[in-house]
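The values are calculated or read from the model by the stated rules, or taken from the named source; none is laboratory data. Because the structure is a prediction, the values reported are computed rather than measured. Methodologically, a virtual Cβ is constructed for each residue, glycine included, from the backbone with ideal geometry; neighbour enumeration extends over all protein chains shown.
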Amino acid sequence: MPSLAAGLDSHPGIWRGSQLARTGSPGIASGFAALDAELPGGGWPCGALSEILPQHEGIGELRILGPALAQLATQGKFIAWIAPPYLPYAPALAAAGIALERIVIVKTVKDSDSLWAAEQALGSAACGGVLAWPRDIGYTQLRRLQLAAENGRCLAVLFRPTQAAREPTPAVLRIALATSAGGLALSILKRRGAPLSRPILLPALSAPHAAAASSPHLRFDAHVVDSTASAAAAAGSISARLALA
Amino acid sequence: MPSPEPCAIAERQRILVCDAKAAARGLHAGMPVAAALALAPGLRLRERETAAETEALLGIAAWAMQCTPNVALDFPDLVLLEVSGSLKLFGGLGEIVARLRQGLAAMGYGAHLAAAPTARAASWFARTGKHCLIADAALLEDELRALPLSVLQSAKEAALASIGAGSIADLLALPRGGLARRYGQGLLDALDQALGRLPDPRGAFVLPEKFCAVIELPAEATQAEALLFASKRLLVQLEGFLAARAAGTRRLVLSLSHRTAPATRIELGLVAACREAAHFAQLARERLQQTALPEAVRAIALQVQAIEPLEHGSRNLFSDALREEGNWPRLIERLRSRLGVAAVHGMALCADHRPERASIRAEPGAKQLALDFELRPFWLLARPQALEENAAVPCHHGPLKLLAGPERIESGWWDGADTARDYFVARAANDALLWVYRERSPAGAWYLHGIFS
């Protein structure tokens, strides 16, 4: 009976295995439609831990969060960066639309301090987003952070190495990042709902013009500079140009 | 702080007061010290310190100003609060008494609380230790009648007892004229003041400008928890003081005094003015746990030099989690108290072309200027990393492919940090996007300075 099936599909109390889980709170839009479509709640989950496992640094692990962070900062919410591996660079953050006065950077020496700081930031409800780079973290500690995140209702992202994919996690979302044919492949390893078999491709992310596209002010026309021609480029025959739109 | 041994305070070789453990061994007030030591050999005996008692009383008075602006002292052991004007604000007499009781307990004081329509009657009830809250003047006389004459603290108590007067009721039954003639007008006045027939003016207590309180530890302590326990009492007192002044503070100094070593100073700095003892205690806990003490601590002093106006937060209608939403200063203070002030910071742009100087540290939450820069990476390396060069191509895990550049940055010849570099966006063999530069010098070395992420 098609009418019954249609009725069941639209019923809010019925969930099918093939569907994404319905979450109580809507997520924070990631700014990438292809990604939002696959995330329960239509964006990064709030009040729960997410893990991002980049293959290595520099493939776009921050850029995929950029629009969400910009949105949080615009709402006047603080974003805590706990034990980042390098210095977050203010000009790039500002260009991505993230209000700098809403950024708090926490440097730690010991792992235990990073976890403590992350737990404080997650549980305090004072932050809109918490990004943490734990060096060494076990299931029990992840569970603690997850509980703290549930209290705080903020965007909570842990950056972990790809090896962590083999370990179980209490986080509700786990995304592995890898480069693929010049683009960025997001494999959703875990989410609320049915697992996703194929990776989401965000082709533009790894190219410099994509970085420029994430900021409203900059347009970046890049021509590949041949490495043999780099001496000539250095001498002043500029074959790539930066333009302020 | 509860001590393991029985404890007593003596004055002029007589026991003045003793704790429950000592009482269980048969000690009582008025007993000679020698007899007390015979009964309880482990007795920890301390001489009465009237100066410290006065200090404590002044501290309590300052703390109690949060409930009413009219506070008077009746030395040696009485604080009088005129609360009729505050009943509505705090939600009734019972509420105020409960609040006072809770605060006094948090400061580590035991107290008898009593309320009556007249100051003298209230002080009499409190001195007898009677928990008596009388709001109605009509009921006052009946309650007063039952009180013993000892409440008068008069030298004539024995003389009155000898004529068979043992209670206030007996005194009220005697003819007033005769009473005044034989025992003085003072006695009659005291009775009239208690009953509200005569005015009973009291000198108002004036709140000191600065806060300074000391607590002597019953035993020398080194444990952070023990120190925190004692400090909390001071912090509660501070909260009352600040509330009375409708103020908060950003800077507290705890000084821990030792037997011989100079006192250890612990400064607590706050991002925003605050007056809550619980928050101060949280910050103090982190600091106490980190502080290395040269010796055991004998006493703790808390000082606050500068206070600033702070509005009383409205009573919370919603849950605490919602209330804390905008409370990021608290979070930053908590993080700083454990990790140090330098470890927690915000960031700002600086109008300088040199990349390492374009991003500077700032206080979180401070308004910042907006500047436009060219394409910049999310990550900057704290110091540029030298890259190897292979066949004129810079290498970082394999040869780099230059995608864009050069962007020439030449600046700083005037301040000694001269920079002349050509910046490129480069793609590594593993597809990472890097920000590299080449020194504009004859050697022309390559460096990795940032990571596009």
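State which residue pairs qualify: first residue in the same structural domain as B:Ile215 (by TED's automatic domain parsing) and among the charged types (D, E, K, R) and inside region B:234-260, second residue at pLDDT below 90 and part of a helix (DSSP H, G or I) in any location, beta carbons under 7 Å apart, and separation of 6 or more residues or different chains.
So the pair list comes out as B:Glu239/B:Ala277.
Residue-by-condition table, conditions (1) away from chain A (no Cβ under 12 Å); (2) at pLDDT 85 or above; (3) in contact with a Pro (Cβ under 8 Å, 6 or more places away or on another chain); (4) in a loop (DSSP other than H, G, I, E, B):
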position: B:Ala292; (1), (2), (3), (4): yes, yes, no, yes
position: B:His312; (1), (2), (3), (4): yes, no, no, yes
position: B:Arg315; (1), (2), (3), (4): yes, no, no, yes
position: B:Arg323; (1), (2), (3), (4): no, no, no, no
position: B:Pro329; (1), (2), (3), (4): no, no, no, no
position: B:Gln385; (1), (2), (3), (4): no, yes, no, no
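If you take just the strands (runs of 3 or more DSSP E) that sit entirely in region A:78-175, which of them hold at least 1 residues that are at the interface with chain B (Cβ under 10 Å from one of its Cβ atoms), closer than 20 Å to A:Arg192 by Cα and over 19 Å from the mean Cα position of the chain (by Cα)? Give the steps one after another, and end with the answer.
Working: elements: A:78-82, A:103-106, A:127-132, A:155-159.
Output list is empty.
Please specify each residue of region A:132-145 satisfying the condition of being surrounded by fewer than 24 Cβ atoms within 10 Å (Cβ to Cβ) and within 20 Å of A:Ser30 (Cβ to Cβ).
Once the filter is applied, which keeps residues that are surrounded by fewer than 24 Cβ atoms within 10 Å (Cβ to Cβ) and within 20 Å of A:Ser30 (Cβ to Cβ), region A:132-145 yields only A:Trp133.
Check B:Pro377 against each of (1) more than 7 Å from chain A (Cβ to nearest Cβ); (2) assigned to a loop (DSSP other than H, G, I, E, B); (3) closer than 21 Å to A:Pro54 by Cα and name the one condition it does not meet.
Evaluating B:Pro377 over (1) more than 7 Å from chain A (Cβ to nearest Cβ); (2) assigned to a loop (DSSP other than H, G, I, E, B); (3) closer than 21 Å to A:Pro54 by Cα leaves (1) as the failure.
Identify the residue in region B:295-310 that is among the β-branched types (Val, Ile, Thr) and not in a loop (DSSP other than H, G, I, E, B) and, among all such residues, is surrounded by the most Cβ atoms within 10 Å (Cβ to Cβ).
B:Ile300
State whether one or more residues within region B:202-223 are part of a helix (DSSP H, G or I), touching a helix residue (DSSP H, G or I) at 6+ places or on another chain (Cβ under 7 Å) and not hydroxyl-bearing (Ser, Thr, Tyr). First the steps, then the outcome.
Let us first name the residues in region B:202-223 that are part of a helix (DSSP H, G or I), namely none.
Within region B:202-223, none of the residues are part of a helix (DSSP H, G or I), touching a helix residue (DSSP H, G or I) at 6+ places or on another chain (Cβ under 7 Å) and not hydroxyl-bearing (Ser, Thr, Tyr).
In region B:350-372, which residue that is in contact (Cβ under 8 Å) with a residue 24 or more places away in the chain and surrounded by 20 or more Cβ atoms within 10 Å (Cβ to Cβ) is nearest to the other protein chains (Cβ to nearest Cβ)?
Within region B:350-372, the match that is nearest to the other protein chains (Cβ to nearest Cβ) is B:Pro364.
Listed here are the residues, each with its yes/no results for (1) of a type in the set (D, E, K, R); (2) surrounded by fewer than 20 Cβ atoms within 10 Å (Cβ to Cβ); (3) in contact with a Leu (Cβ under 9 Å, 6 or more places away or on another chain).
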position	(1), (2), (3)
B:Asn70	no, yes, yes
B:Asp74	yes, yes, yes
B:Leu81	no, no, yes
B:Val97	no, yes, yes
B:Gly108	no, yes, no
B:Ala111	no, yes, yes
B:Ala121	no, no, yes
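Which of the following residues is modelled with pLDDT of 85 or more, of a type outside the set (Val, Ile, Thr) and within 19 Å of A:Ala125 (Cβ to Cβ): A:Ala83, A:Ala95, A:Ala68?
Testing whether each residue is modelled with pLDDT of 85 or more, of a type outside the set (Val, Ile, Thr) and within 19 Å of A:Ala125 (Cβ to Cβ) leaves just A:Ala68.
Any idea which of B:Gly398, B:Gly346, B:Gly340 is under 30 Å from B:Leu283 (Cβ atoms), more than 7 Å from chain A (Cβ to nearest Cβ), without any contact (Cβ under 8 Å) to a residue 40 or more places away in the chain and not basic (Lys, Arg)?
Residue meeting the stated conditions: B:Gly340.
Out of region B:187-212, which residues are farther than 17 Å from B:Glu82 by Cα and touching a residue at least 12 places away in the same chain (Cβ under 8 Å)?
Within region B:187-212, B:Leu187, B:Leu188, B:Ala190, B:Leu191, B:Pro208, B:Lys210, B:Phe211, B:Cys212 qualify.
Looking at this structure, is B:Glu407 within 53 Å of the chain's Cα centre (by Cα) and at the interface with chain A (Cβ under 7 Å from one of its Cβ atoms)?
For B:Glu407, the condition - within 53 Å of the chain's Cα centre (by Cα) and at the interface with chain A (Cβ under 7 Å from one of its Cβ atoms) - is not met.
Could you list, in sequence order, all residues of region B:112-168 that are assigned to a strand (DSSP E or B) and under 33 Å from the mean Cα position of the chain (by Cα)? Show your work before the answer.
We begin by selecting, within region B:112-168, every residue assigned to a strand (DSSP E or B); these are B:115, B:133, B:148, B:167.
Correct list: B:Ala115, B:Leu133.
Going through B:Gly103, B:Gly110, B:Gly59 one at a time, which residue ends up being more than 26 Å from B:Leu139 (Cβ to Cβ), small (Gly, Ala, Ser) and free of Cβ contacts under 8 Å to residues at least 60 places away in the same chain? Step through it out loud before you land on a result.
Details: B:Gly103 fails: free of Cβ contacts under 8 Å to residues at least 60 places away in the same chain; B:Gly59 fails: free of Cβ contacts under 8 Å to residues at least 60 places away in the same chain.
Going through B:Gly103, B:Gly110, B:Gly59 in turn, just one is more than 26 Å from B:Leu139 (Cβ to Cβ), small (Gly, Ala, Ser) and free of Cβ contacts under 8 Å to residues at least 60 places away in the same chain: B:Gly110.
Do you know which residues across region B:205-230 are among the aliphatic types (A, V, I, L, M) and within 29 Å of B:Arg250 (Cβ to Cβ)?
B:Val206, B:Leu207, B:Ala213, B:Val214, B:Ile215, B:Leu217, B:Ala221, B:Ala224, B:Ala226, B:Leu227, B:Leu228, B:Ala230
I need the full set of residues from region B:42-56 which are surrounded by 14 or more Cβ atoms within 10 Å (Cβ to Cβ) and closer than 12 Å to B:Ala213 by Cβ, in order please.
Within region B:42-56, B:Glu55, B:Ala56 qualify.
Checking B:Ala36 against (1) exposed (fewer than 14 other Cβ atoms within 10 Å of the Cβ); (2) part of a helix (DSSP H, G or I); (3) at pLDDT below 85; (4) not β-branched (Val, Ile, Thr), which test does it fail?
Unmet for B:Ala36, out of (1) exposed (fewer than 14 other Cβ atoms within 10 Å of the Cβ); (2) part of a helix (DSSP H, G or I); (3) at pLDDT below 85; (4) not β-branched (Val, Ile, Thr): (1).
Please state which one of A:Leu155, A:Leu173, A:Leu201, A:Leu184 is under 22 Å from B:Asn430 (Cβ atoms), in the same structural domain as A:Leu87 (by TED's automatic domain parsing), in contact with a Ser or Thr (Cβ under 8 Å, 6 or more places away or on another chain) and crowded, with 22+ Cβ neighbours inside 10 Å.
A:Leu184
Are any residues in region B:429-453 more than 7 Å from chain A (Cβ to nearest Cβ) and either surrounded by 22 or more Cβ atoms within 10 Å (Cβ to Cβ) or touching a residue at least 12 places away in the same chain (Cβ under 8 Å) (or both), and if so, which ones?
Filtering region B:429-453 down to residues more than 7 Å from chain A (Cβ to nearest Cβ) leaves B:429, B:435-437, B:439-449.
Those that are more than 7 Å from chain A (Cβ to nearest Cβ) and either surrounded by 22 or more Cβ atoms within 10 Å (Cβ to Cβ) or touching a residue at least 12 places away in the same chain (Cβ under 8 Å) (or both): B:Ala429, B:Trp435, B:Val436, B:Tyr437, B:Glu439, B:Arg440, B:Ser441, B:Ala445, B:Trp446, B:Tyr447, B:Leu448, B:His449.
Given the structure, is A:Gly42 at positive phi and either within 13 Å of chain B (Cβ to nearest Cβ) or modelled with pLDDT of 85 or more (or both)?
no
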